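The values are calculated or read from the model by the stated rules, or taken from the named source; none is laboratory data. Because the structure is predicted, anything quoted here is derived from the model rather than measured. Note: ideal-geometry Cβ built from the backbone for every residue, glycine included; neighbour counts use all protein chains shown. In case anyone asks, the SASA skips ligands and DNA or RNA and just uses the protein heavy atoms, side chains included. Shrake-Rupley method; radii C 1.70, N 1.55, O 1.52, S 1.80 Å.
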Amino acid sequence: MVFLSKPAMEQFSLQFSSPFPLIDLSKPDAQSQLVKACEEVGFFKVTNHGVPFQFMSELESEAIKFFSLPLSEKLKAGPPDPFGYGNKNIGCNGDLGWVEYLLLTTDADSIYHKFASIFGEPAADRFHCVLKDYLTAVKRMACRILEMVAEGLEIEPRDALSKLLMDEQSDSVFRVNHYPGRAEGEGGNVIGFGEHTDPQIISVLRSNNTTGLEIWLKEKEWISIPPDQYSFFINVGDSLQVMTNGRFKSVRHRVVANSLRSRISMIYFGGPPLSEKIAPLPSLMEGEDSLYNEFTWFEYKKSVYNSRLADNRLGLFEKIAAS
């Protein structure tokens, strides 16, 4: 596991009270702290988020039940095309990781029908109810954060960002990752999920109390993020970086699977409708030139699907400065 060197850690701690931004959403200064975290890091942890811990623990319990099934049973929920169960293979371009996962739509009803046909109605009923409660609460929290960010940037209307997640055609997805524990004595770093940025607007992560998540800092070092099963970690996505014309940073991150304990993570990726045009918001331009060519979410999603995890996915859409 790689940690920040002491000088880098000290420099980073000058900006925030912890080695990375920790934001209490109930505090009066939360709005300005959110904007600052998005600008300087693109990643932060939130507390007092309003999501009941019961929703988190119940979904984690259901995930553990699923991943504890024999592989032959889990494979009935795959392959991920794009939704379903996957094991070690990430995407279609050769990326591998020490991970198995479920990639799902955020339409809990469609998920119910898929699981009912495979695992029976009682198990599907339970998973459907737990997942619906969790996604409803997390989506509400994500929209609250985006509205606070919009206020902090003086974007009008207040729901300019959150309405993209609330739209009935929103292309949001939900992912549950399981990183199996490794036997004691197995040496060397094992990549659970390779370095990448998230293409959507915002990502909301919750994990069990197991280490593994790392983010890449401007100081060119990986920092290990201590787990916190009661809080959420938020990533700025590529789309939000473009919408703010590069003012917000889409953070590069990865998971290192070196723990003796297994790790469960649950990520809500808040995405816009497929037809939504992604471009810098006019109110943030202030006479500046756009750093990006306009594209639809469908175009960017297709480009991402055809790329490797570590690729600079926004590079294809950046405007080349005139020489």
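State whether the stretch 93-214 is rounded, prolate or oblate according to the following rule on the C-alpha gyration tensor (a ≥ b ≥ c being the square roots of its eigenvalues): a/c under 1.5 gives rounded; otherwise a/b larger than b/c gives prolate, and the remaining case gives oblate. Since a/c reaches 1.5 but b/c is at least a/b, the shape of the stretch 93-214 is classed as oblate.
Note that the stretch 156-230 presents 43 Å² accessible area per residue, ligands and nucleic acids not counted, probe 1.4 Å.
Under the classification rounded if a/c is under 1.5, otherwise prolate if a/b is larger than b/c and oblate if not, where does the stretch 109-164 fall, given a ≥ b ≥ c as square roots of the Cα gyration tensor eigenvalues? Present the calculation step by step, with values, prior to reporting the outcome.
On the way: a/c = 6.79, a/b = 3.72, b/c = 1.83.
Because a/c hits 1.5 or more and a/b exceeds b/c, the stretch 109-164 counts as prolate.
The order of 118, 223 by accessible area, most exposed first and with a 1.4 Å probe, is 118, 223. With all protein chains in place and ligands, DNA and RNA left out, the 1.4 Å accessible area ranks 153, 71 as 71, 153, largest first.
Near the amide H of residue 262, within less than 5 Å, lie the amide hydrogens of 181, all on another chain or at least 5 residues away, with H placed in the peptide plane.
Relative contact order of the chain: what whole-number percent is it, with Cα pairs under 8 angstrom and at least 6 residues apart? Don't skip to the answer; put the middle values down first.
On the way: 614 pairs, mean separation 66.2, N = 323.
Reported as a whole number, the value is 20 percent.
When only C-alpha pairs under 8 Å and at least 6 residues apart count, what is the relative contact order of the stretch 211-323, in percent? For the stretch 211-323, the relative contact order is 22 percent. Of 285, 166, the order by accessible heavy-atom surface (1.4 Å probe, DNA, RNA and ligands excluded), from most exposed downward, is 166, 285. For residue 90, the residues 5 or more places off, or on other chains, whose built amide H falls under 5 Å of its own are 95, 96, 97.
Ranking 20, 101, 33 by Cα position along the charge dipole of the chain, where only Lys, Arg, Asp and Glu carry charges on their C-beta atoms, puts 101 farthest toward the positive end.
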